[in-house]
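Chemist: This is the structure I want to talk about, given as structure tokens.
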Amino acid sequence: MICGIFTLRTVAPIFENIPAYLSTHEKKIVLSQIEPGAVFDQYEDPLFWLDDSMICNLCYKCNDPNVGLSLNKNETYVKCYMGDTGLLVSHSFNENELMDQQLYKQIMDGKLALNEGMLYENVIAQMITAMDKKLYFYTRYSEEKHRNDIEIDFLISNDSKVKYRINPIEVKSSKNYTTTSLGRFKEVFGKKIETQIIIHPKNFSVDNDVIKIPPYMLWCMF
């Protein structure tokens, strides 16, 4: 019982901050915002509980997708998506706001200032999980630029032990976007790439060797 109470006390701060984490550029969990000096060892059980309960879908950074996703999982660099995107919308607003039915109408009509990228990416994470795939992402920090110069939202492997290949996926919520990260990722891991995929709010198209699809077509790819 004491262990259960302890776990819930550490789970609650992570759960409450999920919309805030996903609203940031990197979307990763930042433990220092919960508790100064906190380390991931302290939150290993709460994160496992959130994932195992299917309330959340954890997405870990893969340090080297050239070898294998699970083999190079970085457990200290993790994003926490909600297992239900509708619940994420509800979680992003307080109870009084949700009592107003106009809130949902404004969201559907595009009249409310809302982080669409957060919701869009959460939907894709939910879809990948439903396909019984683990969630991984990749970033590379550039010492020269003092920022990440490669950011790939999701990585899916072909699970082959003979001809291992990876499928980098970028999620775009806007119709106007760049593909700089995907190009740089190909420069580094080109020999291991099976299919480059961009999920966007437009129709299906193929641009050179990049397949661009609307969200509902994701299940056709794997």
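Chemist: Taking the solvent-accessible surface of protein heavy atoms with a 1.4 Å probe, what is the per residue accessible area of the chain in Å²?
Modeler: For the chain, the solvent-accessible area averages 57 Å² per residue.
Chemist: Taking R0 as 30 Å, what's the FRET efficiency between Glu35 and Ser142 from their Cβ-Cβ distance, rounded to 0.05?
Modeler: 0.50
Chemist: Give the long-range amide H neighbours of Tyr77: residues separated by 5 or more places, or on another chain, with amide H under 5 Å away, using H modelled in the peptide plane at 1.01 Å from N.
Modeler: Under 5 Å from the amide H of Tyr77 lie the amide H atoms of Lys61, each far enough along the sequence or on another chain.
Chemist: How large is ³J(HN,Hα) for each residue in region 11-17, as worked out from phi by the Karplus curve 6.51 cos²θ - 1.76 cosθ + 1.60 (θ = phi - 60°), to whole Hz, x for Gly and Pro?
Modeler: 6, 3, x, 5, 4, 5, 9
Chemist: Also, I was wondering about something else. How big is the shadow of the Cα convex hull of region 2-87, averaged over all directions, in nm²? Could you put the intermediate results ahead of the total?
Modeler: On the way: hull surface 25.3 nm².
Over all viewing directions, region 2-87 projects a mean Cα-hull area of 6.3 nm².
Chemist: Could you calculate the contour length gain from Phe93 to Phe222, that is, 0.36 nm times the residue separation minus the distance between their Cα atoms, to one decimal place in nm? List each step's numbers first, then the result.
Modeler: Working: separation 129, 0.36 × 129 = 46.44 nm, distance 3.44 nm.
Value of the extension gain: 43.0 nm.
Chemist: Could you please put Glu144, Glu151 in sequence from largest to smallest accessible area, using a 1.4 Å probe?
Modeler: Glu144, Glu151
Chemist: Express in nm, to one decimal, how much length is gained between Asn203 and Asn158 on full extension, taking 0.36 nm for each residue of separation and deducting their alpha carbon distance.
Modeler: 13.7 nm
Chemist: What are the ³J(HN,Hα) couplings of region 158-167, residue after residue, when phi is run through the Karplus curve with 6.51, -1.76, 1.60 and θ = phi - 60°? Round to Hz, x for glycine and proline.
Modeler: Residue by residue, region 158-167 yields 8, 6, 7, 8, 9, 10, 5, 9, 10, 10 Hz.
Chemist: Now for a different question. Which values of log₁₀ I(q)/I(0), to two decimal places, follow from the Debye formula for the chain at q = 0.07, 0.13, 0.14 Å⁻¹ with a uniform point scatterer at every Cα?
Modeler: These q points yield log10 I(q)/I(0) values of -0.24, -0.82, -0.95.
Chemist: Quick check for you: which residues of region 38-66 have the amide N under 13 Å from the point 7 Å beyond the Cα of Asn72 toward its beta carbon?
Modeler: Output list for this probe position: 61-66.
Chemist: Now, a different point. Roughly how large, in nm² to one decimal, is the mean projection of the convex hull of the alpha-carbon atoms in region 38-91?
Modeler: The number I arrive at for region 38-91 is 4.5 nm².
The values are calculated or read from the model by the stated rules, or taken from the named source; none is laboratory data. Keep in mind that this is a model prediction, so the values were computed, not measured. Please note: Cβ atoms are built from the backbone with ideal geometry, for glycine as well, and neighbour counts cover all protein chains shown. Surface areas here come from the heavy atoms of the whole protein model, side chains and all, with no ligands, DNA or RNA. Shrake-Rupley method; radii C 1.70, N 1.55, O 1.52, S 1.80 Å.
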